[in-house]
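Reading through the structure tokens given below for one structure.
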Amino acid sequence: MKTLRTIRAMAVCLTLGLLPLSAMADRIKDLASIGGVRDNQLVGYGLVVGLDGSGDQTTQTPFTVQSVISMLSQLGVNLPQGTSLQLKNVAAVTVTAELPPYSKPGQQIDVTVSSIGNAKSLRGGTLLMSQLKGADGQVYAIAQGNVLVSGAGASAGGSSAQVNHLSAGRIPMGATVERAVNSTVGQGEYVDLELNDADFTTVNRMTQAINKAFGDGTAFPQDARLIKLHAPLSTADRIAFLSRLENLSVDPAVQSPKVIINARTGSVVMNQTVTVDNCAVAHGNLTVTIGTTPQVSQPNPLSQGQTVATQQSNIDIKADKGGLVNLPKSANLDQVVKALNAVGATPQDLLAILQAMKAAGALKAELEII
């Protein structure tokens, strides 16, 4: 009896040992979204007041003064004709937000405030009541509150120091929803399931998983991104159907190898399917330094000449020695990273190296530069 229990325990352990393969599957809600369930972009215009002399320069941003005059007139303050306002503590801004699906009036959402004039900083400012409109021109939210800026800066005597960005900030829960967006899940008895990334293999596997769980004829693939679902008509049954569906597990297709290069920041990101063939790489840095020294040429006494200021330039060219490094054929991301680190190149150097490896056919991946 004890032996039988031991055999059963070993069988359970062997079965669990096979689970990691299926545990790598993703839920449908992580791979796709329900058609019609999405965020909506909102945008508005407003004024940030209470700045410490870091607002817009009114001589270069006349719309800031016009906005202040219009606001004051709405509040019952009428300025005499020809009044010239010299404002330093006001900045014109755009206010943006995302309206989540099924948002109801009274709910609060975050907003982002960005300067559109020449304000030096929005730190310490307060956004006055601003309307946020959708693409249809209707007002969906009202924003107001204190602007939170993560940066800091100071200047004096022509010198300045700044940490992070000062001309944009956020107001957590700074807008109140005033209008709901009518969202319908599907048309009639059908609901659309839209994949985040178009792929025929993933669509096929997802269709099979849905039909296996709910019965044949539930899912109909339309193309590499869209699956049409036959869903219950009643609201309660449809919600239960979608809740069960989005938690089904599907093995997505293997990602195509891709390397993303950001030429502005020098960032290099690659996914786990990137491989390289055996190749040799040599890379060296070329540094050109130009130094300029101002000099003054004095005329000889009684020569009636003039003092002339001249510039003397010194040019220094330095080429670092780049050794030839053999990169072995690599089958996984860890080996690729170790091989590239062996070259001793900086992230900026990798931009040139990866492009050259791709041109030589050694980099087995799609190279995308953003």
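If we scan segment 272-284, do we find a residue that is free of Cβ contacts under 8 Å to residues at least 12 places away in the same chain and either assigned by TED's automatic domain parsing to the domain that holds D192 or exposed (fewer than 15 other Cβ atoms within 10 Å of the Cβ) (or both)? No: segment 272-284 contains no residue that is free of Cβ contacts under 8 Å to residues at least 12 places away in the same chain and either assigned by TED's automatic domain parsing to the domain that holds D192 or exposed (fewer than 15 other Cβ atoms within 10 Å of the Cβ) (or both). Based on this model, can you work out whether V93 counts as free of Cβ contacts under 8 Å to residues at least 24 places away in the same chain, in contact with a Ser or Thr (Cβ under 6 Å, 6 or more places away or on another chain) and either β-branched (V, I, T) or buried (at least 16 other Cβ atoms within 10 Å of the Cβ) (or both)? Criteria not met by V93.
Mind counting the residues in segment 214-263 that are part of a loop (DSSP other than H, G, I, E, B) and either touching a residue at least 12 places away in the same chain (Cβ under 8 Å) or not polar (S, T, N, Q) (or both)? Residues that pass the stated criteria total 20.
Tallying residues that are on the phi < 0 side of the Ramachandran plot and in a loop (DSSP other than H, G, I, E, B) within segment 86-121 yields 17.
Any chance segment 12-22 includes a residue that's at pLDDT 75 or above and either under 30 Å from K228 (Cα atoms) or not polar (S, T, N, Q) (or both)? Outline the logic, then answer.
Applying the first criterion (at pLDDT 75 or above) to segment 12-22 yields none.
Looking through segment 12-22, none of the residues is at pLDDT 75 or above and either under 30 Å from K228 (Cα atoms) or not polar (S, T, N, Q) (or both).
Here segment 223-235 is the region considered, the condition is being surrounded by 14 or more Cβ atoms within 10 Å (Cβ to Cβ) and within 33 Å of the chain's Cα centre (by Cα), and the residue that is farthest from G36 (Cα to Cα) is A224.
The values are calculated or read from the model by the stated rules, or taken from the named source; none is laboratory data. Quick caveat: nothing in here was measured; it's all calculated off a predicted structure. Neighbour counts are summed over all protein chains in view; Cβ atoms, including those assigned to glycine, are modelled from backbone coordinates with ideal geometry.
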